[in-house]
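The structure appears below as structure tokens.
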There are 2 protein chains.
Amino acid sequence: MFKFPEASGMRSAPLFYLCYLLCVALGLACVLCVFLWNSRWRGGLAWDLTAQQFNWHPVLMVTGLVVMYGYGAVLYRVPLTWGQNKLPWKLLHAAMMLLSLILAVVGLCAVFDVHNAHGTANLYSLHSWIGICTVALFAMQWLLGFAGFLLPCSPVALRKLLKPVHVWLGSSILMLSVAACISGINEKLFFVLKADVNGSQPYSSLPAEAVLANSLGALIVAFGLVVLMILSNGKWQRADPGPEDLTYTSLLQEENDES
Amino acid sequence: MFKFPEASGMRSAPLFYLCYLLCVALGLACVLCVFLWNSRWRGGLAWDLTAQQFNWHPVLMVTGLVVMYGYGAVLYRVPLTWGQNKLPWKLLHAAMMLLSLILAVVGLCAVFDVHNAHGTANLYSLHSWIGICTVALFAMQWLLGFAGFLLPCSPVALRKLLKPVHVWLGSSILMLSVAACISGINEKLFFVLKADVNGSQPYSSLPAEAVLANSLGALIVAFGLVVLMILSNGKWQRADPGPEDLTYTSLLQEENDES
């Protein structure tokens, strides 16, 4: 029978919840900032092939690919979930990641639509190369995770092989998302903050919009670092089943045995 | 007496060396690409307050803050070093990191000098915010590492407290360096690849320079991911001294006991 690692993990629970609170707060601050930036300075949101449709791109990428992704990634680390049947948490993890992926794909559609309607080239900048690779890797990661950890017919050997790859790729995708967001915000600010465009102040004079959007970038980085800190702390990991439990032939059987 | 963890670690040595080879090759490819980009397309390197001095900025940041930093970070993971006295490897780690920091600081000086000479504003873009924070964090990390792990008078309690922070901050600085490089390369290409500047092709038409510099960005990301993979694999970590060894009062005593 599965034994839960309460001895070492639970002792550090207060510190965990402090970091978790910081993670939740930074994520909410990112979402707030990206909405504020695009509603207050970029003309708001719409789905009409104009710049307002483009604005969905940063909003959805930050909300989905960074914040929802980060929240989903640290879910198993919440000590509250350790003493319980893993299956509902696994389903919630998969659902949060799927929602994150859907938001990211809609965020990509927003920008492709606007580019195609205005004859603007797609996928030429380094930002777009990193961004599209991130979403492609994420889609692959989700499908492999679903096949390996949720399908009842998935063999134990595959799950054992997949787990370290899933964990490493999970952190890597977050790192790529952060890099894509930073380069995207930086690029957007150079595009729109020019002295000769609608009498706006140039980026170099750091108008209020630039300070807010730069701060958004700093918040995204801080959020990414806190998520990676939570993920990398061995004391906060839900323990694997012991060797005797690895004879399970399917996830459902594992869940039955655990419950 | 310190015991070396040959049993589990050494078994995975061939896979480690494969990853290490990939890491070394990707790092060399990054250095090659950033030199090629700046010598072939950006007019080469000089220290004369012109665009050629600016070119030292990407060259030194990629070579120092990414590649040398990554090489220094994975040094302890080389199994060859495990059976030996740790002090020389610790000194080499500190020296590689110091060289990386010096290259990064000279890389910053290159761009500040050029900006100041031409009346260009400093530190307004998100790229510059992330970059300067990365170098500041790195300097703090090096100083704390030196004080905590190399000064003979450093108390054991400080070392124990510092180690997980040093490890987490080490990976975080690499993530920040990658984000800073990606946003910097992206920004530079938008600046210089415009249809109306010296008859050059715009970035959106993906001329050869854009393909090379985008590929440099992709190589930097790949290098970062391989370094993080090596760092995150528990089997490839040099084991800590056992509890009885933590009674050492200084690093030098630890080294003497080990040797």
Report task. Take the residues in the range B:141-166 that are at pLDDT 95 or above and within 14 Å of chain A (Cβ to nearest Cβ), then tell me which one is least open to solvent (accessible area, probe 1.4 Å). Result -> B:GLN141
Query raised in the report: Is there a residue being open to solvent by 30 Å² or more (accessible area, probe 1.4 Å), touching a residue at least 24 places away in the same chain (Cβ under 8 Å) and not in a helix (DSSP H, G or I) anywhere in the range B:52-72?
Result: no
Report task. Quickly run through the range A:110-135 and pick out the residues that are touching a Phe, Trp or Tyr at 6+ places or on another chain (Cβ under 9 Å) and either assigned to a helix (DSSP H, G or I) or not hydrophobic (A, V, I, L, M, F, W, C) (or both). Result -> A:ALA110, A:VAL111, A:ASP113, A:VAL114, A:HIS115, A:ASN122, A:TYR124, A:SER125
Query - All positions within the range A:168-192 that are over 24 Å from the mean Cα position of the chain (by Cα) and over 11 Å from B:SER125 (Cα atoms) - result: A:PHE191, A:VAL192
**Report entry** Conditions (1) over 30 Å from B:VAL192 (Cβ atoms); (2) at pLDDT 95 or above; number of the one not met by B:PRO58
**Finding:** (1)
Requested in this report: Considering only the range B:203-229, state which residues are at the interface with chain A (Cβ under 10 Å from one of its Cβ atoms) and either in contact with a Lys or Arg (Cβ under 6 Å, 6 or more places away or on another chain) or of a type in the set (Phe, Trp, Tyr) (or both).
Outcome: B:TYR203
Query raised in the report: What tally of residues in the range A:30-51 results from selecting those that are of a type in the set (D, E, K, R) and either open to solvent by 60 Å² or more (accessible area, probe 1.4 Å) or under 30 Å from A:LEU231 (Cα atoms) (or both)?
Result: 2
Requested in this report: Output yes when any residue across the range B:198-213 is under 30 Å from A:SER171 (Cα atoms), in a helix (DSSP H, G or I) and open to solvent by 20 Å² or more (accessible area, probe 1.4 Å), and no when none is.
Outcome: yes
Report task. Go through the range B:78-106 and give me each residue that's open to solvent by 30 Å² or more (accessible area, probe 1.4 Å) and in contact (Cβ under 8 Å) with a residue 40 or more places away in the chain. Result -> B:GLY83, B:ASN85, B:LYS86, B:LEU87, B:LEU91, B:LEU98, B:LEU103, B:VAL106
Query raised in the report: When you go through B:ALA117, B:ALA136 one by one, which is the residue that is under 29 Å from A:LYS194 (Cβ atoms) and either open to solvent by less than 60 Å² (accessible area, probe 1.4 Å) or more than 9 Å from chain A (Cβ to nearest Cβ) (or both)?
Result: B:ALA117
Query raised in the report: Among the listed residues B:SER172, B:SER204, which satisfies the condition of being within 20 Å of B:GLY64 (Cβ to Cβ) and of a type outside the set (A, V, I, L, M)?
Result: B:SER172
**Report entry** Residue check, A:SER177 in contact (Cβ under 8 Å) with a residue 60 or more places away in the chain, in a helix (DSSP H, G or I), more than 20 Å from A:VAL34 (Cα to Cα) and within 14 Å of chain B (Cβ to nearest Cβ)
**Finding:** no
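The values are calculated or read from the model by the stated rules, or taken from the named source; none is laboratory data. What you are looking at is a predicted structure, and each value in this text was computed from that prediction instead of being measured. Glycine gets a Cβ as well: all are built from the backbone with ideal geometry, and neighbour counts include every protein chain shown. Remember, those area values only see protein heavy atoms, side chains included, never the ligands or the DNA or RNA. Shrake-Rupley method; radii C 1.70, N 1.55, O 1.52, S 1.80 Å.
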